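Computed from the coordinates by the stated procedures, all read-outs in this text should not be read as laboratory data. Small disclaimer: the values here were computed from a predicted structure and weren't measured. Positions of Cβ are generated from backbone atoms using ideal geometry, with glycine treated the same way; all protein chains shown enter the neighbour counts.
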Amino acid sequence: MTRDMQSRLGPRIGWSQVTPRADYLNRRQLMAGAVGLGLAGLAGPAAAKLTYIPSKYSTTETPNTLEEITGYNNFYEFGTDKSDPKNYSGQFQPEPWTVEIGGMVDRPGTWGLDDILKDVTLEERIYRLRCVEAWSMVIPWIGFPLKTLLDKAGVQPGAKFVAFETVMRPEEMPGQRARWIEWPYREGLRLDEAMHPLTILATGLYGDPLPNQNGAPLRLVVPWKYGFKGIKSIVKISLVPQEPKATWKMLQSNEYGFYANVNPKVDHPRWSQATERRIGAGLFGGRQETQMFNGYGEQVADLYKGMDLAKDY
Ligand code: MTE
């Protein structure tokens, strides 16, 4: 680790990194209580920097450790190895940050992230994350519903999809100097998916601001879809009438579809999607069965009524 990285990571190393998981979970309950009483700021110097409330949408499954969540990543702007994002994102500057919101909205413009967050209530959302590569984690995100932001912008009738773009910074993102991906990284959602209460923009995890390797300072989280839909370091959001470009679909459309709903019955052409490897479960942890819509079917299956999910993968 370079000295620069150390200094960037330094202030972000919080109690979650040095606290055993059970203590973290107890502490989290205390924090949630403190937030409820408006006492979060009094929780002491070791308290998380973000103020947030718990959510009914959180899973009770045990979260992965901070080390796992921040050391095993996909963020090709920093390289293709799972450790590259952690090793090479130290130079990346997530502050200050602006997001351009445009297309079919009443109030287009470029907003500072601080402005966007001013009157937003952050929530903790402990979600399962299922990567299309058949590994999974449980991550305690801090964020807010994407709908909150879209409502502020005022979605116009006729808008059917939301398009997202990651920042272009080849000088800070060494992976962007390789041309095998047509940068910037792009993703999209159908408008009803974007407005769904489970769909969030995350600004933190484990109570602290997002580490660079996880998509600082703002990334999308759609827990019933494969992880590649969760575009990181977002600078542009556009409301559009047609299905927008999506990076993995552009690269290999027979393997990666626009919907990318987690589906154990529709295999990737090169591997099965029936089971997954939970990171941290250990050599003898075994594989677990992948759930339809990553276990969020009760909330989202209605969005896809009448669709052939083998065709619209
Ligand atoms: N966003 C950008 N901009 N670039 C990427 O390479 N990788 C995606 C997604 N978002 C990616 C991205 C993939 S394949 C996954 S599985 C998740 O980020 C991983 O998120 P995590 O590293 O925070 O677990």
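Residues in segment 202-248 that are over 19 Å from E100 (Cα atoms) and hydroxyl-bearing (S, T, Y) were compared, and the one that is surrounded by the fewest Cβ atoms within 10 Å (Cβ to Cβ) is T247. In segment 135-154, what residues are within 12 Å of H196 (Cα to Cα) and assigned to a helix (DSSP H, G or I)? Result: L146, K147, T148, L150. Among the candidates E165, E187, the residue that is near the ligand (Cβ under 10 Å from one of its atoms), in a strand (DSSP E or B) and crowded, with 24+ Cβ neighbours inside 10 Å is uniquely E187.
Return the total of residues in segment 200-238 being within 9 Å of the ligand (Cβ to nearest atom) and among the charged types (D, E, K, R). Residues flagged as within 9 Å of the ligand (Cβ to nearest atom) and among the charged types (D, E, K, R) within segment 200-238 amount to 3. Just wondering, is there one or more residues in segment 136-150 that are buried (at least 17 other Cβ atoms within 10 Å of the Cβ) and farther than 24 Å from K225 by Cα? Within segment 136-150 (the criterion being buried (at least 17 other Cβ atoms within 10 Å of the Cβ) and farther than 24 Å from K225 by Cα), the answer is no, since none of the residues qualifies.
When W180 is tested against (1) in contact with a Lys or Arg (Cβ under 8 Å, 6 or more places away or on another chain); (2) surrounded by fewer than 23 Cβ atoms within 10 Å (Cβ to Cβ); (3) of a type in the set (F, W, Y), just one condition goes unmet, and that condition is (1).
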